[in-house]
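Have a look at the structure below, then the notes.
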Amino acid sequence: MTLRWGLVGFGEAGRVIGGVLAGAGADLAVHDRALLDPARGPGLAEAISAIGAVPVADVAQLADRDVVLSLVTPATALAAAVGFAPHARDGVLYLDLNSTAPTDKRAMAAALTGARVVDGVMTGGGIQLDGARIPISLAGPDAAEAAQVLTGAGLTAAVVGAEIGAAAALKMLRSVVVKGMEGLWVEALLAARELDVVEPLMAMIEETLDRWSTRDFATMLVTTHVAHAGRRSAEVAMARDTVAGTGVPPLLTSGLLARHQLSARGLAAAGHEPGAVPPTLAAALEALRSLPADGTG
């Protein structure tokens, strides 16, 4: 059976994903609320038609679709699901690919009672990649079928969890690392600029990072954190004071100090031997997970 596809949202990401689907010959109808705008609507309809899809101004016109993808803004993702709910036929595969919180994904599933909702996120450079290469992570009871239909249409998809919200959580935790590094680089380089050491700092960090794969680097940091959180707290305190001394607010370094001090107090209270490095990442995480939230015994 030839699937009938629907797409809600024709912004930057929607144009990329929609272009892949239409390019693969999919029967694609696209709804975007901007189609109702007298000023923007005609141009948007022309752009949708140009990729080989059919523009529909009323979301009710997606009622006959077998698969519906939502690619709106995170702030409007839940509203889009609620708006489509009265028109969703029983069994429609509804793939929310927006970067929202796990609670929002579960709320969408609750709103779309007759649909088979799949929690999806896009990562790995996002819309700057060729559309067919954008990694799409999926979760939920119907994630395996969703992955099959997406890959069949030329996209790249994989199942990462059985429960709705798991893919969204994965994206949020990725943001902890990636956006955290973004903030750390901003804070460190701003302070380095004030001290006129930007290039030496870049070279020093580059030499460190280039020695490790990402997985090995993360493992090294977390396992040695268990061993040396107490000793490193003093260095992080000096790092915070160095940043503050340049006039740059030490927002990230203050958080780093709090994390190290929390671990140090908890490990000491638990009787962990200073300098003892756990043998694996799993062992290190278990040691940290078992610590009280306030760092006391």
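None of the figures in this text is laboratory data; all of them are computed from the coordinates on show. Owing to the predicted nature of the structure, the values given are computational and were not obtained by experimental measurement. Backbone-built Cβ (ideal geometry, glycine too); neighbour counts: all protein chains shown.
Label-to-label distance, S254 versus A132, with points set 7 angstrom from Cα along the beta-carbon direction: 5.0 nm. When only the Cβ of Lys, Arg, Asp and Glu is charged (+1, +1, -1, -1), the dipole of region 153-297 relative to its Cα centre reaches about 420 debye. Between the helical axis of 143-152 and the longest alpha-carbon principal axis of the chain there is an angle of about 70 degrees. In this label model, R4 and A237 are separated by 6.8 nm, measuring between points 7 Å along each Cα→Cβ vector. For V177, what charge total do you get from the other residues with a beta carbon under 14 Å from its beta carbon, if Lys and Arg give +1 and Asp and Glu give -1? With Lys, Arg at +1 and Asp, Glu at -1, the neighbours total +4. Here the sum of -39500 (n - 2.57) over DSSP H runs of 4 or more residues, divided by the residues of the chain, equals -17000 deg cm²/dmol at 222 nm, to the nearest 500. Taking a ≥ b ≥ c as the square roots of the eigenvalues of the Cα gyration tensor, region 186-265 is oblate, since a/c reaches 1.5 or more and a/b is not larger than b/c. Once the Cα atoms of helix 12-23 and of the chain are each reduced to a long axis, what angle between those two axes, in degrees from 0 to 90 to the nearest 10, is obtained? For helix 12-23, the angle is close to 50 degrees. Relative to the longest principal axis of the Cα atoms of the chain, helix 41-50 runs at roughly 90 degrees. Counting only trypsin sites (Lys or Arg not before Pro) that DSSP places in a loop and that have at most 16 other Cβ atoms within 10 Å, the longest clean stretch of the chain runs over 90-210. Counting 0.36 nm for each residue step from S175 to A34 and taking away their Cα separation leaves a gain of 47.8 nm. Phi-derived couplings, Karplus 6.51 cos²θ - 1.76 cosθ + 1.60 at θ = phi - 60°, listed residue by residue for region 249-256: x, x, 5, 6, 5, 5, x, 4 Hz, with x used for Gly and Pro. Rounded to 0.05, the FRET efficiency of the A203 and A276 pair, given R0 = 30 Å and the Cβ-Cβ distance, is 0.35. Cα-Cα pairs above 24 Å in the chain: how many percent? Above the 24 Å cut-off, the chain has 61 percent of its Cα pairs.
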